[in-house]
1. Between residue 16 and residue 116, what is the FRET efficiency for a Förster distance of 51 Å, r being their Cβ-Cβ separation, to the nearest 0.05?
2. At 7 Å along Cα-to-Cβ for each site, give me the label-to-label distance between residue 80 and residue 302 in nm.
3. What order do you get for 87, 100, 253, 315 when you list them from fewest to most C-beta neighbours inside 10 Å?
4. If you take every residue apart from residue 145 with its C-beta less than 14 Å away from the C-beta of residue 145, what net charge results, scoring Lys and Arg +1 and Asp and Glu -1?
5. Can you check what the net charge comes to around residue 272, using other residues whose Cβ is under 13 Å from the Cβ of residue 272 (Lys, Arg +1; Asp, Glu -1)?
6. Could you give the length gained on full extension between residue 268 and residue 100, defined as 0.36 nm per residue of separation minus the Cα-Cα distance, in nm?
7. If I model a spin label at residue 31 and residue 135 as a point 7 Å from the Cα along the Cα→Cβ vector, what separation in nanometres do I get?
8. In whole Hz, with x marking every Gly and Pro, tabulate ³J(HN,Hα) for the stretch 180-192 from phi via Karplus 6.51 cos²θ - 1.76 cosθ + 1.60, θ = phi - 60°.
Amino acid sequence: MSLKSRSLSAPFNALIDQIRMRANLGRSEATGFYAVNCPICKKADRKTGGFKFEDEAIIYNCFKGSCDASTVYELGKPISRKFRRLMESIGVDIPIELKMIKTSLQKQMESLDDNLYKKHSYQDIQLDEHFDLLVETSHPNRFFYEEYFKSRHIPYDDIIIFTTGQFRGLAAIPMMFYDKLIGVQVVTLEGKYIKLFYNNTDVLYIPESRIQDPVIVVEGALDAKCFPNTVATLGSHITPKQAYFLRGKHVIMLPDKKGNKFIEQFYKYGWSISLPEWSNDCKDLNDAVCRYGAISVAEMIRDSEVKDRLRGSIMYRDWIRGYKHE
């Protein structure tokens, strides 16, 4: 925690205490969220909203499709209009110390190489199709998808299932960027994936509420969703616009066994690459988690981390060659 964050810890904790008293929080779910009736969309028959409290962040999500209340407040950063509106709706007074943080802090950034990092942002999208949370739907496909995600060791509390439109009956992984829905990945009954980003480009899938060190970069959404501190490029390489969100982080690139361009990129960014000794039938991170478990996989990633360009290139060549001859 920075010195500035420490000086704001008292008002930040006071804000959390106020929310706990005034928001009528339900019990804590396995995801860490405390369920609430959303004060913005005011859906009274079920608790569609939830607060989550982290060391330096307050997260609020509403999973009703037509509600745009989801928001995040990070300690030391300016307070967004959405968060202010949310606090007003539950009768919470934001401490003055937090209100006075200027937006100029948010604009400060290090000098970046335009060839590696390009400033980027995403639009908040609205889905035309109606949907339910998978864990709450009465759709008959619920049980198929629950078993599928369980078999892949994928948490599915936030997975949705469409009830109308061309994807009716199909599950989808929502892709959030803080308080914005920026895309979804539809999972068909045959296990195929359809990515829908609408007007957003260069989407970086961040399953957790924010990017934390060390951050592992993978290709697929299921790989990212099954393992902590992991983000997905959703393609065979990382783009400068995606890399923008990883600036200043301890990044470990984790390629698939089928091969991608990570090996060509890790040394350009001064990052690391990890080449774990997966077994013959582990082509990616999700396969490895299913076979070995998350703790063992974490140790393999740590023990196989390489930063040196030459050593990494030689290890990668042998890694891919061995896989292709298996």
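No lab work stands behind these numbers, since they all come straight from the coordinates. Small disclaimer: the values here were computed from a predicted structure and weren't measured. Heads up, the Cβs are rebuilt from the backbone with ideal geometry, glycines too, and the neighbour counts pull from every protein chain shown.
1. On the way: r = 37 Å, r/R0 = 0.73.
The calculated FRET efficiency here is 0.85.
2. Roughly 3.3 nm, to one decimal.
3. Values: 87 23, 100 9, 253 27, 315 17.
Arranged by neighbour count, lowest to highest, 87, 100, 253, 315 become 100, 315, 87, 253.
4. Values: positive: 142, 150, 152, 168, 192, 225; negative: 132, 136, 146, 147, 157, 158, 190.
After counting each charged neighbour, the total is -1.
5. Details: positive: 249, 268, 302, 307, 309, 311; negative: 213, 303, 305, 308.
Its environment carries a net charge of +2.
6. Numbers: separation 168, 0.36 × 168 = 60.48 nm, distance 3.91 nm.
The residue 268-residue 100 span can extend by a further 56.6 nm.
7. So the label points at residue 31 and residue 135 sit 0.7 nm apart.
8. Taking θ as phi minus 60°, the curve returns 10, 8, 10, x, 9, 10, 6, 10, 6, 5, 8, x, 8 Hz for the stretch 180-192.
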